[in-house]
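Asker: First the structure, then my questions, so here it is.
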Amino acid sequence: MQTLSISGMTCDTCAMHVKDVLEQLPGVKCAQVSYPQGTAEVVADAGVSFDAMAAAVAKAGYSAKQATRSPESSSGQPGDTTGPARHGDGNGLRIAVIGSGGAAMAAAIKAAGSGAQVTLIERGVIGGTCVNVGCVPSKIMIRAAHIAHLRRHSPFDAGIEPAAPAILRDKLLAQQQARVDELRHAKYESILEGQPAITTLRGKARFKDARTLVVTLHDGSERMVGFDRCLIATGASPSIPSIAGLKATPYWTSTEALESDTIPPRLAVIGSSVVALELAQAFARLGSQVTVLARHTLFSQEDPAIGEAVAAAFREEGITVLTHTQASAVAHAGGSFALTTNRGEIRAERLLVATGRAPNTAALNLQAAGVECDARGAIAVDDHLRTNVPHIYAAGDCTDQPQFVYVAAAGGTRAAINMTGGDATLDLSAMPAVVFTDPQVATVGLTEAEAQRQNIETASRTLSLENVPRALANFDTRGFIKLVADAGSGRLLGVQAVAAEAGELIQTATLAIRNRMTVQELADQLFPYLTMVEGLKLTAQTFTKDVTQLSCCAG
């Protein structure tokens with residue numbers, strides 16, 4: 001008797017299908033196929049090769065490999081795959097992954113590599129938010145807008161004559177979408193196609209109970225997917241505020257803004273954080289007259305100096321920034337929006353609403369599985385990515401963790417390790433974040449206010465970029481670098497930076513915090529001259545020195 005490991009089965013009907021194709025092979029006497037165990041035990045004549053059986057299984061739409069261990073060798077009872085898996089050996093485990101974005105893909109690949117049979121379920125476009133309608137298209141548009149801005153205006157205009165560019169948005173959009181399609185295929189679709197242990201179902205998943213998903217496929221049929229472990233990685237969608245009349249208008253979310261093939265003459269933006277401000281500046285640089293409505297201040301959850309610096313940069317570019325401004329009503333007529341606010345009426349041809357993102361969990365029927373959410377619908381997870389139901393995990397924007405794709409991917413990988421018997425945690429104590437405005441905003445660790453709320457006595461220093469040689473050479477000294485340290489030990493606790501290339505320096509700060517360096521140790525490091533990251537060293541030196549009295553590259 002030969003035992004085969006079968007991947008791609010999602011129900012008992014699949015097992016019957018595999019059994020039929022095996023028993024149709026000449027020389028095969030009988031086959032016992034188990035969907036829960038993912039195995040086929042085949043009694044056949046000696047002349048029936050494994051390759052012939054594998055080819056028959058593949059022709060039926062599944063894949064087979066020679067089993068490396070018997071079902072009885074698992075840590076549970078014979079044939080049981082619900083107990084703890086062994087690290088690096090997920091053979092026999094059925095893992096369902098809901099979603100196909102950063103968290104889902106990282107988990108599916110890792111789990112399949114550990115021997116699990118993975119069913120990945122995606123209701124929409126493969127790849128999730130980041131590659132399709134988030135990080136990738138937005139950064140392409142932001143970069144194009146930056147180039148347009150430099151052609152129109154730069155610190156070197158006296159020696160390099162500026163020229164107003166012609167903005168052909170349709171061509172920029174085509175270039176943007178081509179790169180999105182390329183990356184989606186290279187990093188998502190082709191990887192799934194090359195992973196025989198991952199079966200992809202296209203449809204909407206919901207829980208039937210704590211061990212079963214019901215998947216409504218795109219053709220309207222339903223498929224039951226049983227699982228031993230499950231990862232929920234369904235991401236998030238734009239959250240729309242309750243404003244009178246808004247829902248009756250053709251407002252934009254970030255998705256529609258990034259897909260627009262025209263640049264509106266006037267654009268109103270409701271929102272004051274990452275997505276709102278990145279896109280506001282991009283549209284302004286591509287030709288829109290932009291007005292930003294901030295309920296409080298820009299980046300109100302960050303150090304106040306960050307919002308002040310970005311607001312000043314925006315106003316210098318001609319962007320209208322209205323802080324402490326709220327829209328109470330929105331109307332649309334004759335191709336124009338009218339916003340009623342506490343600062344008067346604002347009119348624009350387009351309205352972008354970017355006030356945050358809400359977890360995609362409402363349609364999952366989580367209560368059937370007993371999975372708990374907070375008031376926003378975010379799934380609560382521990383540092384092992386477990387929900388309150390031990391065999392159900394969650395990662396990415398649908399959870400109560402920070403909504404960054406690299407956090408999602410790290411969470412997905414660690415969840416897969418834990419689902420297949422390992423012990424991995426996700427430590428977010430030194431998590432860098434970057435906002436791709438110009439100047440950029442980059443942060444890691446604690447702000448002064450956060451540290452003080454934890455009863456930590458702090459010492460901090462802020463260095464304006466007039467003291468950073470790279471910024472002087474660039475003729476661009478907008479912004480600052482701030483270090484927050486423990487007053488007693490001098491240990492670095494947090495860094496906040498607003499600078500043209502703040503995103504390129506923040507990882508050095510992250511490593512310093514992760515390694516519990518003091519500001520003196522940071523000040524003593526060698527940093528290459530005429531780099532923006534040298535600003536970290538200079539700021540660290542200000543704890544003990546007046547850097548204005550040092551030579552240009554004093555150690």
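The values are calculated or read from the model by the stated rules, or taken from the named source; none is laboratory data. Please read these numbers as outputs of a predicted model, since none were measured by experiment. Methodologically, a virtual Cβ is constructed for each residue, glycine included, from the backbone with ideal geometry; neighbour enumeration extends over all protein chains shown.
Asker: Just to check your reading of the model, which residue among I198, I270 is buried (at least 23 other Cβ atoms within 10 Å of the Cβ), β-branched (V, I, T), farther than 30 Å from I346 by Cα and touching a residue at least 24 places away in the same chain (Cβ under 8 Å)?
Answerer: Criteria check complete, one pass: I198.
Asker: Oh, and also: Within the group V330, V310, which residue is at pLDDT 95 or above, under 28 Å from the mean Cα position of the chain (by Cα) and in the same structural domain as V275 (by TED's automatic domain parsing)?
Answerer: None of the others qualify; the one that does is V310.
Asker: Taking the stretch 278-318 as the region of interest, how many residues are farther than 16 Å from H149 by Cα, touching a residue at least 12 places away in the same chain (Cβ under 8 Å) and of a type outside the set (G, A, S)?
Answerer: Of the residues in the stretch 278-318, 13 are farther than 16 Å from H149 by Cα, touching a residue at least 12 places away in the same chain (Cβ under 8 Å) and of a type outside the set (G, A, S).
Asker: Output the helices (runs of 4 or more DSSP H) that fall wholly within the stretch 45-150 and possess 3 or more residues being modelled with pLDDT of 95 or more and touching a helix residue (DSSP H, G or I) at 6+ places or on another chain (Cβ under 9 Å), or say none.
Answerer: Because the criterion is at least 3 residues that are modelled with pLDDT of 95 or more and touching a helix residue (DSSP H, G or I) at 6+ places or on another chain (Cβ under 9 Å), the helices (runs of 4 or more DSSP H) in the stretch 45-150 that meet it are 102-113, 128-133.
Asker: Would you point out which residue out of L505, L511 is more than 12 Å from M532 (Cα to Cα), part of a helix (DSSP H, G or I), aliphatic (A, V, I, L, M) and within 22 Å of the chain's Cα centre (by Cα)?
Answerer: L511
Asker: Looking only at the stretch 501-550, filter to residues that are without any contact (Cβ under 8 Å) to a residue 40 or more places away in the chain and hydroxyl-bearing (S, T, Y); which one of those is surrounded by the most Cβ atoms within 10 Å (Cβ to Cβ)?
Answerer: Per the stated criteria, the residue is T508.
Asker: Further, regarding this structure: For the stretch 437-459, how many residues are among the acidic types (D, E) and touching a helix residue (DSSP H, G or I) at 6+ places or on another chain (Cβ under 9 Å)?
Answerer: So the count comes out to 2.
Asker: Here is a further query. Taking the stretch 403-425 on its own, how many of its residues are among the aliphatic types (A, V, I, L, M), in a loop (DSSP other than H, G, I, E, B) and under 22 Å from R376 (Cα atoms)?
Answerer: Matching residues across the stretch 403-425 total 0.
Asker: Then there is this: Six or more apart or on different chains, Cβ under 7 Å: which pairs go from a residue in the stretch 15-44 that's of a type in the set (S, T, Y) to one that's not in a strand (DSSP E or B)? Could you list them?
Answerer: Cβ pairs passing all conditions: S34/A15; Y35/M9; Y35/C11; Y35/D12; Y35/C14; Y35/A15; T39/A67; T39/P71.
Asker: I would also like to ask the following. Please verify whether R223 is at pLDDT 95 or above and more than 23 Å from L93 (Cα to Cα), treating the condition exactly as stated.
Answerer: For R223, the condition - at pLDDT 95 or above and more than 23 Å from L93 (Cα to Cα) - is not met.
Asker: Keeping to the stretch 450-498, report how many residues are in a loop (DSSP other than H, G, I, E, B), surrounded by fewer than 20 Cβ atoms within 10 Å (Cβ to Cβ) and either at positive phi or in contact (Cβ under 8 Å) with a residue 60 or more places away in the chain (or both).
Answerer: So the count comes out to 5.
Asker: Given the criteria in the same structural domain as H391 (by TED's automatic domain parsing), under 19 Å from the mean Cα position of the chain (by Cα), surrounded by fewer than 20 Cβ atoms within 10 Å (Cβ to Cβ) and free of Cβ contacts under 8 Å to residues at least 60 places away in the same chain, does G159 qualify?
Answerer: no
Asker: Any residue at all in the stretch 238-255 that is over 28 Å from G318 (Cβ atoms), within 20 Å of the chain's Cα centre (by Cα) and not aliphatic (A, V, I, L, M)?
Answerer: Yes, that holds for at least one residue.
Asker: Would you confirm whether or not the stretch 255-262 contains a residue that is of a type outside the set (A, V, I, L, M), within 30 Å of R386 (Cβ to Cβ) and modelled with pLDDT of 95 or more?
Answerer: Scanning the stretch 255-262, I find no residue that is of a type outside the set (A, V, I, L, M), within 30 Å of R386 (Cβ to Cβ) and modelled with pLDDT of 95 or more, so the answer is no.
Asker: In the list T443, T447, T413, which residue meets the criterion of being of a type outside the set (F, W, Y), closer than 29 Å to P137 by Cα, modelled with pLDDT of 95 or more and in the same structural domain as Q496 (by TED's automatic domain parsing)?
Answerer: After applying the criteria, what remains is T443.
Asker: What tally of residues in the stretch 323-346 results from selecting those that are in contact with a strand residue (DSSP E or B) (Cβ under 8 Å, 6 or more places away or on another chain), within 20 Å of T253 (Cβ to Cβ) and not polar (S, T, N, Q)?
Answerer: Number of matching residues: 9.
Asker: Out of all the residues in the stretch 301-339, which are part of a loop (DSSP other than H, G, I, E, B), surrounded by fewer than 16 Cβ atoms within 10 Å (Cβ to Cβ) and of a type in the set (S, T, N, Q)?
Answerer: Within the stretch 301-339, Q301 is the sole residue that qualifies.
Asker: On to the next question. Just to be sure I understand, how many residues within the stretch 165-209 are in a helix (DSSP H, G or I) and of a type in the set (D, E, K, R)?
Answerer: Residues that pass the stated criteria total 10.
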